[in-house]
Amino acid sequence: MAADPSFTVIGHRGARGHAPENTLLAIDTGIRLGSHMVEIDVQLHSGELIVIHDLRVDRTTNGHGRVDALSLAQLRALDAGQGQRIPTLGEVLDLVEGRVPVNIELKTGAGTAEAVAAHLRGLLEANATPEQFLVSSFHLPELYEFRQLLPQVPIGVLLCGVPLDWAACAAELQAECVNLSDEFVDERLIADIKNQGRRVYVYTVNEPEDMHRLRAMGVDGVFTDYPDRALKLIAQ
Ligand code: G3P
Ligand code: MG
């Protein structure tokens, strides 16, 4: 999580406003546009970590059905848009090559944390640094497991609402950041999270007026399908 500008622009699913989401093209586009970090969604499938958001392939590819009903070979043969394939985590990290930190969102449970930790451990033993990654999830037990397995890698608690025990969860997980939906953000919550010593990132923010509003409220960064818009705002 090395990127630490005053307002962190995180390319959502690469830069899904500009290229087919979660593809190598979208991730490269997100970086080329100047994102400080790129976010991807990762699922464990037959022992392989693949980069796709939905549990079905219908919305983002030319295929049909549930991801877990298709073989890895069938998934990899699909067109994910503009001739792109569903990439693996390894392919994404090879492409990024440490240019920006990668936020790896664990979409599935049941072994995903373990598989991601094993993959990242291998990279850390080579030449990667923990700050090149931010691992997050809505699945907090899975995130907890990741924290135990690879404590040096920063993690982010993902919330789609505001549970009563959010502060205890963030503390227990020793999360570097809390990633909130724009629907549930307010000034008091932001202040409470920051008083805990954590950063606050908000998803998914595509309108410049919302980016401006959140920045003025003290949010540390946004996930956006249009990193260029947030970067333009910062430059103004
Ligand atoms: O990590 C932020 C955001 O990606 C979480 O929601 O559904 O877009 O993965 P979703
Ligand atoms: Mg995501």
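The values are calculated or read from the model by the stated rules, or taken from the named source; none is laboratory data. Not measured: the values here are computed from a predicted model. Virtual Cβ from ideal backbone geometry, glycine too; neighbours counted across all protein chains shown. All accessible areas refer to the heavy atoms of the entire protein, side chains included, with ligands and DNA or RNA removed. Shrake-Rupley method; radii C 1.70, N 1.55, O 1.52, S 1.80 Å.
For GLU91, indicate whether it is within 15 Å of ligand 2 (Cβ to nearest atom), of a type in the set (Asp, Glu) and closer than 15 Å to ILE50 by Cβ. The answer is no for GLU91. Residues in region 93-118 that are away from ligand 1 (no atom under 16 Å from the Cβ) and over 14 Å from PRO151 (Cα atoms): LEU93, ASP94, LEU95, VAL96, GLU97, GLY98, ARG99, ALA110, GLY111, ALA115.
Here is a check on your reading of the model: is THR129 under 17 Å from the mean Cα position of the chain (by Cα) and β-branched (Val, Ile, Thr)? Here the answer is no, as THR129 does not meet what is asked.
Against the list (1) touching a strand residue (DSSP E or B) at 6+ places or on another chain (Cβ under 9 Å); (2) within 24 Å of GLU142 (Cβ to Cβ), the condition GLY34 fails is (2). When residues in region 218-236 are screened for being among the polar types (S, T, N, Q) and buried (at least 21 other Cβ atoms within 10 Å of the Cβ), 1 of them pass. Taking GLN152 as the residue in question, decide whether it is under 14 Å from the mean Cα position of the chain (by Cα) and more than 16 Å from ligand 2 (Cβ to nearest atom). So GLN152 fails the test.
Here SER181 fits the description: under 18 Å from the mean Cα position of the chain (by Cα), surrounded by fewer than 20 Cβ atoms within 10 Å (Cβ to Cβ) and within 15 Å of ligand 2 (Cβ to nearest atom). Of the numbered criteria (1) of a type in the set (Asp, Glu); (2) open to solvent by less than 80 Å² (accessible area, probe 1.4 Å); (3) over 23 Å from HIS18 (Cα atoms), the one ASP68 fails is (2). Within region 13-42, which residues are in contact with a helix residue (DSSP H, G or I) (Cβ under 8 Å, 6 or more places away or on another chain), farther than 17 Å from PHE133 by Cβ and within 16 Å of ligand 2 (Cβ to nearest atom)? Scanning region 13-42 gives ALA15, ARG16, ALA19, PRO20.
Given the criterion surrounded by fewer than 18 Cβ atoms within 10 Å (Cβ to Cβ), modelled with pLDDT of 95 or more and within 26 Å of VAL100 (Cα to Cα), identify the matching residue among GLU39, GLU48. Checking each option against the conditions leaves just GLU48. Within region 99-129, being part of a helix (DSSP H, G or I), touching an Asp or Glu at 6+ places or on another chain (Cβ under 9 Å) and open to solvent by less than 20 Å² (accessible area, probe 1.4 Å) holds for THR112, ALA113, ALA117.
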